[in-house]
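What follows is a single structure, written as structure tokens, with notes after it.
The values are calculated or read from the model by the stated rules, or taken from the named source; none is laboratory data. Note that this is a predicted model, so its numbers are computed, not measured. Here the Cβ positions follow ideal geometry from the backbone for every residue, glycine too, while neighbour counts run over all protein chains shown. These accessible areas exclude ligands, DNA and RNA; they are computed on the full protein's heavy atoms, side chains included. Shrake-Rupley method; radii C 1.70, N 1.55, O 1.52, S 1.80 Å.
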Amino acid sequence: MRLTLQMLISHGRVARKMGLGPESRINMLRNLLTGLVRHERIETIYTRADEVRFYAEKLIDYAKKGDTDEKAMKMASFWLTEKDLVPKLFKVLAPRFETQTHSYTRMARLPNRENLDRAKMAVLEYKGNPFPPLYPVKKKNKLTLINQLLKGYREERAQQAAGKGVGN
Amino acid sequence: MMNLVVLVRNLRRSLLQIESRILQAAGLDRQQAPALALNGPSLLPQPQQEQELEDQQPPGVLDSILWMAVPKKRRTIEVNRTRRRSETKLIKVKNNIEPCPECGHLKQKHVLCGFCYRKVCKETALIRQQINAMEGGPLRAPTVETVVLYEGETPSQQDKDKRIVERPRKRPAWFS
């Protein structure tokens, strides 16, 4: 093997190395993806979640091609190690994202893991899952003082406009 | 009379021999010509030059030891302090910490609040326990969507074809 400087320096290389090698990396991503399809929300290390995200969205794209497509079925049976998730993928997840073209997943960073390694954690989920949302939905409270005052102001202006209209 | 002279002559000869031998041993007899003219190195070894050679160790090692980098002076406490407290060595101040608007615990701006996430985790764990109880075993994922309903809620028009997971408690405020 030629020992060149190019091999030692990795400037600009975007492909991540995970696990023991490329095969190990694919196996790890396959396990993560199976877990994601089963539970629809998983919590892992940030870099692993980032890698799985691409494969999760590509899998949905393949699933959208339909049950009967041979390539789609091969992909699904390769990537999902638990075979009861293959019908779930085609009948639940693909119809859920029919109207969307991209971004079927949501990734959010979590506080670092409590262990000695303090690893950077992230939570990855498919949108539209039945669980409580990660980002709380902000409800506008109509009963706050400012909102009540603004409501009164709007009603006054509407009355004035109506009064003017009647006068004219 | 004759024996005495012979004795004296023998004594003198032996004394001279002893002297010459001593001189030879001491190496001080260079003024005298050798008894036999020999071609080659001098008979006596010359130990001093060899010792000198051995005293000087192999030149490479000694040279490098002599020329190694070594501090010339003790670093003063002022110099040490400026090095130890330089900007690069101090811990950087983080200005991206803010209180979470929901619970008030501190969080980083680009990270989810730990407390609120723990809350959500606990509820999802209970929902998943309910789902496992409904499925009854491993590897039985259904081919329909799932919806979670709390106490006193009836399935709406959208939840018609979905599997309903019931949780025996009031709907929490943070779960739309």
ask   = For the pair A:Ile9 and A:Tyr55, how long in nm is the line joining their label points, each one 7 Å along Cα→Cβ?
value = 3.2
ask   = Within the accessible area of chain A, what % is carbon and sulfur when the probe is 1.4 Å and the other protein chains stay in place?
value = 56
request  = May I ask you to list the residues of segment B:79-122 whose amide nitrogen lies under 19 Å from a point 7 Å from Cα along the Cα→beta-carbon direction of A:Tyr135?
outcome  = B:97-104, B:107-121
message = I need the shape label for segment A:87-153. Rule: rounded when a/c is under 1.5, else prolate if a/b > b/c, else oblate, with a, b, c from the alpha carbon gyration tensor.
response = oblate
note = With R₀ set to 45 angstrom, the calculated FRET efficiency between the beta-carbons of A:Ile26 and B:Ser156, to the nearest 0.05, is 0.60
query = For segment A:89-168, what is the charge dipole size about the Cα centre, in debye to the nearest 20, if Lys and Arg each add +1 at the Cβ and Asp and Glu each add -1 at the Cβ?
reply = 120
note = A student applying the Cα gyration tensor rule (rounded when a/c is under 1.5; otherwise prolate if a/b is larger than b/c, oblate if not) would label segment A:24-140 oblate
Estimated FRET transfer efficiency when R0 is 45 angstrom, pair B:Leu106-B:Met68 (beta carbons, to 0.05) = 0.30
query = Expressed as a rounded percentage, what relative contact order does segment A:50-168 have, with Cα pairs under 8 Å and six or more residues apart?
reply = 17
query = Placing +1 at every Lys and Arg Cβ and -1 at every Asp and Glu Cβ, with all other atoms neutral, what dipole size does the protein assembly as shown have around its Cα centre, in debye to the nearest 20?
reply = 1520
ask   = Rounded if a/c is under 1.5, else prolate if a/b is larger than b/c, else oblate: which is segment B:117-158, with a ≥ b ≥ c the root eigenvalues of its Cα gyration tensor?
value = oblate
key: Linear extension gain, B:Glu19 paired with B:Met134, 0.36 nm per residue minus alpha-carbon span   = 29.2 nm
ask   = Taking only DSSP H segments of four or more residues, each worth -39500 (n - 2.57), what value at 222 nm results for the protein assembly as shown once the sum is divided by all its residues, to the nearest 500 deg cm²/dmol?
value = -14000 deg cm²/dmol
query = How high is the FRET efficiency between A:Ala158 and B:Ala173 when r is their beta carbon distance and R₀ equals 35 Å, given to the nearest 0.05?
reply = 0.60
inquiry  = Compute a Gaussian network model of chain A, connecting alpha carbons closer than 10 Å, and tell me which residue from A:Leu89, A:Leu33, A:Leu150 fluctuates the most.
reply    = A:Leu150
request  = Would you be so kind as to identify all helices of chain A, as entire DSSP H runs, whose Cα atoms reach 18 Å or more along the helix's own axis and whose mean Kyte-Doolittle hydropathy is at least -1.0?
outcome  = A:22-39, A:46-64, A:145-167
request  = Enumerate the calculated ³J(HN,Hα) couplings along segment B:138-155 in order (Karplus 6.51 cos²θ - 1.76 cosθ + 1.60, θ = phi - 60°), each rounded to whole Hz, writing x wherever the residue is Gly or Pro.
outcome  = x, 6, 10, 5, x, 9, 10, 5, 10, 9, 9, 10, 9, 4, x, 10, 10, x
